[in-house]
Amino acid sequence: MNRLSRRLQKMIQVGYWPGFIIGMYPSHFAYKPIEVDFRRTWQHVKELNLYAHIPFCKWSCSFCTFFKVVKDDEEYYRRYMQRLNEEFIFYNTFFEEKVNIKSICFGGGTPNTVSVSDYEKFFDTLVKSNVSLDKDLEPSMEISPEIITKEYISDLSKIGIKRLSLGVQSLKGELRKGVNRDETLDILGVIQSIRDNGLNVNIDLINGIIGQDNDSFMETLKEVVAFGPETISIYPLSGKKSSMFKTSSAIMTTKEKYQLYELYYDYLIHNGYDCESHVKFIKKNQNSTHQQKIYEYLGTETLGIGSGSRSYSNLIHYGTSSWEDAKLVKKAIEDYMTKDFRELSWYGFEMNEEENKRRTIVYAWFLGVLDTAAYYQRYHSSPYEDFPEEFEALIHNDLVYTEGDKMHLTTKGRKYTDLAGTIFWSKGIHEMFETVHYA
Ligand SMILES: C[S@@+](CC[C@H](N)C(=O)[O-])C[C@H]1O[C@@H](n2cnc3c(N)ncnc32)[C@H](O)[C@@H]1O
Ligand code: SF4
């Protein structure tokens, strides 16, 4: 057993989980102030995921470390949406060929704070730009179900939104109240209105929300499955409250969250869902085509617009500010509203071939399978020869098996997806992670 195998074995034994920072590679802790050459980055792009970030919320949930501000100011929202339009027009000047938009996601914060007419204007801008909309495009929006009305849903459907992702987190009133969410949410009514308008549905839940145990999570999950959403996303609680150690009886340890993962994975697999990625389950025989993250995992570049978004090209990853510092978030939004886009404080990471190779493999584990032939075609080398110690560690710990050109995660590997990914981080990324987390 090599050194890395032993390290991986130890991480599994103790239930180590580095947190949701692993949702992308390299994660934002590795970002440093950076100059962005917008023309060089986007001039040759042929297809894109488009992510538009709306950073406003009507309240703050106690678990949330996202880039957002609590604000209730319609005039401010309107001006922000105007800037969002201007930012897309700014990027459009760099596209040399018509760019096929494969996916659109309005993420947050809470995009349903903003009026539908502002989204309508945004679509008008898109239609007039040097882009085409993919035939399978299913524009999607993240929403807080507590503050959405029937009229709003109907208006969204009229402007072409086809999927709503609902931040539900838990359906238990006392748990919702404990994290500052409305305990009287009428989720059935919201889902009914969405279905009446023919839209698809994703539901977000949290594994390990404060006060939760296995039973309360599984009760919520069973209710959610009964609604039949096309996809269910389940995020392990991350942030300062996520720990290997029992810091409070109300907060699950990372090991307990891994155990709960086994329970809900098994339940969903036997109740009409397939595992689509490490945090997402997809209903069998459904018709949703919104695949932003999947496209990203398979190599499509993502253009992020809006303060708080991130862009991922093959050359550079970048965004504004840090997510975790509320003062920096406020300043970043203020700058976004007033400054030239070139003059914003950009933070990012220059990609190179080695980091792209590592990213391809980390993301393959999110999907559960590495296509070694596609890897060879892209990089002209074998992943096994590029990273022999890492693959040996996965095999020794029973996290993978091979079938022809494909290497798949085993059921155990699926449970420890994030650890399988972590061992492919470069030395530089590991060092930056340690500097940020153990300083
Ligand atoms: C932008 S929010 C979704 C829309 C809306 N803001 C809401 O919460 O209803 C994105 C999702 O990230 C997840 N999330 C936020 N903070 C988290 C944390 N600390 N740990 C795990 N998941 C988290 C939640 O499931 C949330 O629904
Ligand atoms: S979970 Fe959603 S509603 Fe709550 S603070 Fe975060 S972004 Fe806002």
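The values are calculated or read from the model by the stated rules, or taken from the named source; none is laboratory data. On a predicted model such as this, the values are computed, not experimentally measured, just so you know. Cβ: placed from backbone, ideal geometry, glycine included. Neighbour counts: every protein chain shown. To get the accessible areas, we keep the full protein, side chains included, count just its heavy atoms, and leave off ligands, DNA and RNA. Shrake-Rupley method; radii C 1.70, N 1.55, O 1.52, S 1.80 Å.
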Between ASN202, ASN207, which is under 20 Å from the mean Cα position of the chain (by Cα) and closer than 19 Å to GLY107 by Cα? ASN202
Within segment 112-127, is even one residue under 30 Å from GLU219 (Cβ atoms) and not β-branched (Val, Ile, Thr)? yes
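Rundown of residues vs (1) small (Gly, Ala, Ser); (2) free of Cβ contacts under 8 Å to residues at least 40 places away in the same chain, yes/no style:
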residue: TYR152; (1), (2): no, no
residue: GLY160; (1), (2): yes, yes
residue: GLN169; (1), (2): no, no
residue: LYS172; (1), (2): no, no
residue: GLY178; (1), (2): yes, no
residue: GLU183; (1), (2): no, yes
Looking at the structure I just gave you, is GLU296 of a type in the set (Asp, Glu), assigned to a helix (DSSP H, G or I) and either out of contact with any Cys (no Cβ under 8 Å at 6 or more places or on another chain) or open to solvent by 10 Å² or more (accessible area, probe 1.4 Å) (or both)? yes
Residue list for segment 179-190, restricted to those being within 13 Å of ligand 1 (Cβ to nearest atom) and modelled with pLDDT of 95 or more: VAL179, ASN180, ARG181, ASP182, ILE187, VAL190
Considering only segment 147-178, state which residues are within 11 Å of ligand 1 (Cβ to nearest atom) and surrounded by fewer than 18 Cβ atoms within 10 Å (Cβ to Cβ). ILE147
Tell me the residue from PRO111, PRO139, PRO145 that is at pLDDT 95 or above and more than 23 Å from SER307 (Cβ to Cβ), please. PRO145
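Within segment 301-391, considering only strands (runs of 3 or more DSSP E) that don't extend past its boundaries, which have at least 1 residues that are under 25 Å from the mean Cα position of the chain (by Cα), at pLDDT 95 or above and of a type in the set (A, V, I, L, M)?
Details: elements: 302-305, 310-312, 316-320, 346-350, 369-371.
Strands (runs of 3 or more DSSP E) meeting the threshold: 302-305, 316-320, 369-371.
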Go through ASN49, ASN85, ASN92 for me and flag whichever is under 16 Å from the mean Cα position of the chain (by Cα), away from ligand 2 (no atom under 16 Å from the Cβ) and closer than 22 Å to TYR336 by Cβ. ASN49
Could you list, in sequence order, all residues of segment 399-414 that are open to solvent by 40 Å² or more (accessible area, probe 1.4 Å) and over 18 Å from PRO383 (Cα atoms)? THR411, LYS412
Determine which single condition GLY198 fails, assuming it passes every other condition in (1) open to solvent by 10 Å² or more (accessible area, probe 1.4 Å); (2) assigned to a helix (DSSP H, G or I); (3) not hydroxyl-bearing (Ser, Thr, Tyr). (2)
When THR289 is evaluated against the numbered criteria (1) assigned by TED's automatic domain parsing to the domain that holds TYR77; (2) modelled with pLDDT of 95 or more, which criterion, by number, is the only one it fails? (2)
